[in-house]
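Q: Structure provided below as structure tokens; questions to follow.
The values are calculated or read from the model by the stated rules, or taken from the named source; none is laboratory data. All figures in this text were calculated on a predicted structure; none of them were measured in a lab. Positions of Cβ are backbone-derived with ideal geometry, glycine not excepted, and every protein chain shown enters the neighbour counts. Ligands, DNA and RNA are excluded from the accessible area calculation, which covers all protein heavy atoms including side chains. Shrake-Rupley method; radii C 1.70, N 1.55, O 1.52, S 1.80 Å.
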Amino acid sequence: MSRSLRIEKQACAALLMLLSPLALAVEAANQDPHAHHQMASAELDATLIEAAADELGARQVSQESLRSLAPSTSDTASLLRGTPGVSLNGAGGISSLPAIRGLGNDRLRVKVDGMDLIASCPNHMNPALSYVAPSNLGKLQVFAGISPVSVGGDSIGGTIIADRVAPEFAAPGAASLSKGEVGGFYRSNNDARGGNFSALHATEQFHIRYAGSYSKANNYTAGGKFKNSRATGRLGEGAGLDEVASTAFERRDHELGLAYKLGEDLLELTLGYQHVPQELFPNQRMDMTDNTQERINLRYLSQFDWGSLETQVYHEKVEHEMDFGPDKRFWYGMQSMVPGSTDSRPCGPIGTTCAAGMPMESEGKTLGASIKANIELSASDLLRVGSEYQRYRLNDYWPASGGGMWPGTFENINDGQRDRLALFGEWEQQVNPAWLTLVGLRFEHVATDAGVVHGYGHAGGGQLVEAAAFNASDRSQRDNNWDFTALARYNHSANLDLEFGVARKVRSPNLYERYTWSSWPMAATMNNFVGDGNGYVGDVDLKPEAAHIASVTFDWHSADRSHELKVTPFYTRVNDFVDAVALPGATVTPNQFNVLQYANQSARIYGVDIAGRMPLLRNELGQWGLEGVINYSNGKNRETGDQLYNIMPLNTTLALTQQLGNWSNSLEMVSVQAKNDGSDLRNEIQTPGYTLFNLRLSHRWDNLRVDFGVENLADKFYYLPTGGAYTAQGRTMSMNGIGWGTAVPGMGRSVYTGFNLSF
Ligand SMILES: [Cu+2]
């Protein structure tokens with residue numbers, strides 16, 4: 001670390017030195033640039049200030065929606081569901097993977113408190129947002145598609161910024177501050193229950209806060225009746241007709257935050273610990289049987305005459321374990337062990353004829369550092385320069401467990417390394433009251449490597465041959481990636497703003513895409529982070545994917561923004577998109593699971609997202625309004641003509657809202673079109689269209705907030721269009737030992753209630 005960090009610091013210091021004379025000159029011209037900035041803002045008309053509330057290219061999830069949705073979910077990513085352009089790819093109950101305009105998973109830059117966290121799991125069961133509890137979230141912001149280079153990097157689909165609650169201090173001259181919050185929730189469908197507690201003590205200079213939360217849920221049940229003959233599982237047998245197997249979870253989050261004010265400067269230290277004893281996956285062949293994350297985050301924000309400087313260092317350690325959860329184990333019991341047994345070792349000792357599950361371990365370590373300066377060149381010019389460094393290490397191995405998984409340890413990724421070093425500069429300029437522009441350039445060096453591997457120690461599945469070929473290959477890869485973003489906002493009139501931009505964004509392949517090496521179906525099906533049931537093999541020579549994006553937002557609104565309509569058509573072309581192809585010399589068999597290989601392809605996605613709101617009427621029942629979002633994406637592989645996998649079909653959310661005194665209520669209608677097409681290569685499952693209704697009621701008193709709601713009011717049965725293949729139970733180690741062709745059903749009716757009390 002130390003050498004690269006030194007280089008990075010030197011590089012940044014050099015940049016700052018180059019820029020400081022400029023900053024000084026500007027400062028001399030404008031005695032106090034802060035004051036000028038404020039004055040300039042105050043002179044702008046109200047519409048523009050309102051418009052400027054969102055950063056260029058950003059959409060912020062409102063505090064009210066964060067608060068009102070939190071009791072309805074333990075899955076932080078799902079708080080984004082109403083954000084234009086965002087859809088969710090289903091996974092476990094606390095870790096769905098957000099997608100922006102058809103691009104998800106590692107294609108998005110997800111920053112949690114400024115940390116770039118990486119999923120350390122061959123199924124990406126532990127993505128960044130799964131480490132922040134919904135109750136501890138202070139800010140959630142989305143840069144869809146075109147993200148400024150200062151928040152982007154090593155991603156092509158956009159940026160999600162999740163920050164915990166900001167530190168609070170006692171008012172100047174006031175006594176110290178002690179307060180806290182306690183909350184709880186219950187959701188009927190899956191008996192989800194849990195709570196959150198936080199307490200803080202602060203003086204004018206010092207802040208300490210603890211926040212903890214807990215949640216646990218059983219498997220959920222689908223709406224209506226789920227009796228699908230293609231599912232080989234437990235449905236209709238032991239567990240009830242409607243139960244969706246492998247959807248239970250339990251999570252525990254702890255966080256301790258310390259902050260210290262040094263004059264205008266702020267020093268923050270956050271220690272986090274999360275333990276997930278169980279999270280089951282209905283679209284993976286394994287379940288997460290244990291996951292712990294320890295993180296430490298140190299930030300220092302300093303103010304200068306010329307602007308501000310933020311320095312950050314963080315470290316994250318993840319220990320991740322997978323095996324069969326109870327639903328998958330149940331079916332092994334039916335096949336070869338004691339019927340219905342949940343004992344992990346019904347046969348023994350383990351050997352070629354006795355397998356006791358399949359333990360899989362992933363250990364990830366991330367060390368990151370960044371330094372970013374906001375330099376106010378003048379009242380209208382802001383320069384952001386910065387540098388980021390990240391060092392990531394991964395070991396992914398599967399201890400011997402008997403059967404074909406014997407006698408040695410299978411090394412899936414051994415000594416995986418992925419290191420990034422980035423430099424960026426970005427200039428934001430209020431050209432005149434009508435034009436705000438931003439241009440940025442970012443360079444990122446990404447180095448990946450992995451050590452030699454071996455399989456379980458027998459020749460089955462070509463393990464010896466493929467390991468030897470992999471070990472003989474040159475695995476060290478160096479990518480030099482250039483990103484460019486140009487964005488502008490044009491205030492045409494009091495009723496129309498335009499925001500438009502172009503960008504080039506580059507992402508280097510992740511370690512699983514480059515370094516998984518075995519095409520043996522048992523091993524390859526373990527490597528799958530899209531949840532489609534297929535197996536995937538890496539390619540050491542994968543090139544970084546480069547997206548070229550153009551989009552424009554037409555923003556019509558009344559002067560007070562009570563009426564608003566934003567329409568954003570977009571087009572993205574991705575060169576070297578990491579898609580998949582059939583294995584060399586093999587063909588893909590329809591209507592079953594197959595082993596595929598990652599490959600660079602050319603792809604394009606276009607579409608539009610539309611968001612609007614308007615007041616309806618005011619009567620004795622309060623102020624009524626209407627809000628709506630429409631999303632459409634169309635993704636295609638330009639080489640094969642095939643559709644891209646996991647593109648959310650055309651979908652509409654309409655909400656009737658009511659504000660009456662301290663009540664804030666809404667009735668939502670979510671309509672999703674059928675998926676009649678999809679990726680042929682991956683045998684993507686088609687899903688019928690559906691409409692769901694959700695009711696949400698919230699009431700606030702001074703110190704108490706109570707939420708109540710019903711999701712899926714009509715108890716509609718539906719399949720998740722981007723939830724992958726239902727592999728929740730059955731003999732999942734055999735690639736086609738489970739039935740192909742069933743998507744994962746969504747949750748049936750669920751009544752939820754939650755409260756939050758501040759003290
Ligand atoms: Cu996993």
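Q: Just name the residue that is modelled with the highest pLDDT out of those in the stretch 153-179 that are over 14 Å from the mean Cα position of the chain (by Cα) and open to solvent by less than 20 Å² (accessible area, probe 1.4 Å).
A: Checked the stretch 153-179; the qualifying residue modelled with the highest pLDDT is ASP154.
Q: For the stretch 189-202, enumerate the residues that are open to solvent by less than 50 Å² (accessible area, probe 1.4 Å) and either part of a loop (DSSP other than H, G, I, E, B) or over 18 Å from ASP707 (Cα atoms) (or both).
A: Let us first name the residues in the stretch 189-202 that are open to solvent by less than 50 Å² (accessible area, probe 1.4 Å), namely 189-190, 192, 194-196, 198-200, 202.
Result: ASN189, ASN190, SER198, ALA199, LEU200, ALA202.
Q: Conditions: (1) modelled with pLDDT under 95; (2) open to solvent by less than 50 Å² (accessible area, probe 1.4 Å). ALA674 meets all but one. Number of the miss?
A: (1)
Q: Test of understanding: among ALA503, ALA524, which residue is within 19 Å of VAL465 (Cα to Cα) and among the small types (Gly, Ala, Ser)?
A: ALA524
Q: Related question: Could you please find all residues in the stretch 250-291 being under 18 Å from the mean Cα position of the chain (by Cα) and either within 19 Å of ASN136 (Cβ to Cβ) or among the charged types (D, E, K, R) (or both)?
A: Matches in the stretch 250-291: ARG251, ASP253, GLN274, VAL276, GLU279, ASN291.
Q: Hey, any hits in the stretch 95-114 for a residue that's aliphatic (A, V, I, L, M) and within 16 Å of the ligand (Cβ to nearest atom)? Full working, then the answer.
A: Pass one, the stretch 95-114, residues aliphatic (A, V, I, L, M): 97, 99-100, 103, 108, 110, 112.
Still in the list and also within 16 Å of the ligand (Cβ to nearest atom): 97.
Yes, the stretch 95-114 has at least one match.
Q: Okay, next question. Under 7 Å between Cβ atoms, at least 6 apart or on separate chains: pull out the pairs that start in the stretch 355-371 with a residue that is over 12 Å from LYS317 (Cβ atoms) and part of a strand (DSSP E or B) and end on any residue that is aromatic (Phe, Trp, Tyr) and within 16 Å of the ligand (Cβ to nearest atom).
A: Filtered contacts from the stretch 355-371: MET360/TRP398; GLU361/TYR397.
Q: Pairs needed: first member in the stretch 125-137, away from the ligand (no atom under 14 Å from the Cβ); second member anywhere, among the polar types (S, T, N, Q); C-beta distance under 6 Å; at least 6 residues apart or different chains.
A: LEU129/THR76; TYR131/GLN274; TYR131/GLN293; VAL132/THR76; ALA133/SER213; PRO134/THR76; SER135/ASN196; SER135/SER213
Q: Taking the criterion of being more than 16 Å from the ligand (Cβ to nearest atom) and modelled with pLDDT under 95, would at least one residue in the stretch 355-368 satisfy it?
A: Just the residues of the stretch 355-368 that are more than 16 Å from the ligand (Cβ to nearest atom), to begin with: 355-356, 365-368.
Remaining after also requiring modelled with pLDDT under 95: 355-356.
There is at least one residue in the stretch 355-368 that is more than 16 Å from the ligand (Cβ to nearest atom) and modelled with pLDDT under 95.
Q: Now for a different question. What residue, of ALA174, ALA166, is in a loop (DSSP other than H, G, I, E, B) and in contact with a strand residue (DSSP E or B) (Cβ under 7 Å, 6 or more places away or on another chain)? Walk me through how you get there before you give the answer.
A: Working: ALA174 fails: in contact with a strand residue (DSSP E or B) (Cβ under 7 Å, 6 or more places away or on another chain).
Every option except ALA166 fails the conditions.
Q: Here's a follow-up. The conditions are (1) assigned to a loop (DSSP other than H, G, I, E, B); (2) touching a Phe, Trp or Tyr at 6+ places or on another chain (Cβ under 9 Å); (3) open to solvent by 20 Å² or more (accessible area, probe 1.4 Å), and PRO122 fails exactly one of them. Which is it?
A: Of the numbered conditions (1) assigned to a loop (DSSP other than H, G, I, E, B); (2) touching a Phe, Trp or Tyr at 6+ places or on another chain (Cβ under 9 Å); (3) open to solvent by 20 Å² or more (accessible area, probe 1.4 Å), the odd one out for PRO122 is (3).
Q: Limited to the stretch 547-566, what total is found for residues that are open to solvent by 30 Å² or more (accessible area, probe 1.4 Å) and part of a strand (DSSP E or B)?
A: Matching residues across the stretch 547-566 total 8.
Q: Anything in the stretch 304-318 that is open to solvent by 30 Å² or more (accessible area, probe 1.4 Å) and either within 16 Å of the ligand (Cβ to nearest atom) or within 30 Å of ALA248 (Cα to Cα) (or both)? List them, or say none. Write out each step before concluding.
A: Initial filter on the stretch 304-318 (open to solvent by 30 Å² or more (accessible area, probe 1.4 Å)): 304-306, 310-311, 313, 315, 317.
HIS315, LYS317, listed by residue number.
Q: Here's another thing I want to ask about it. Looking only at the stretch 567-586, count how many residues are open to solvent by 20 Å² or more (accessible area, probe 1.4 Å) and assigned to a strand (DSSP E or B). Walk me through how you get there before you give the answer.
A: The initial filter retains those residues of the stretch 567-586 that are open to solvent by 20 Å² or more (accessible area, probe 1.4 Å), namely 567, 569, 571, 573, 575-576, 581-586.
Next cut, assigned to a strand (DSSP E or B) only: 567, 569, 571, 573, 575-576, 581-582.
Residues in the stretch 567-586 being open to solvent by 20 Å² or more (accessible area, probe 1.4 Å) and assigned to a strand (DSSP E or B): 8 in total.
Q: How many of the residues making up the stretch 271-303 are more than 11 Å from the ligand (Cβ to nearest atom), of a type in the set (D, E, K, R) and touching a residue at least 60 places away in the same chain (Cβ under 8 Å)?
A: Count: 2.
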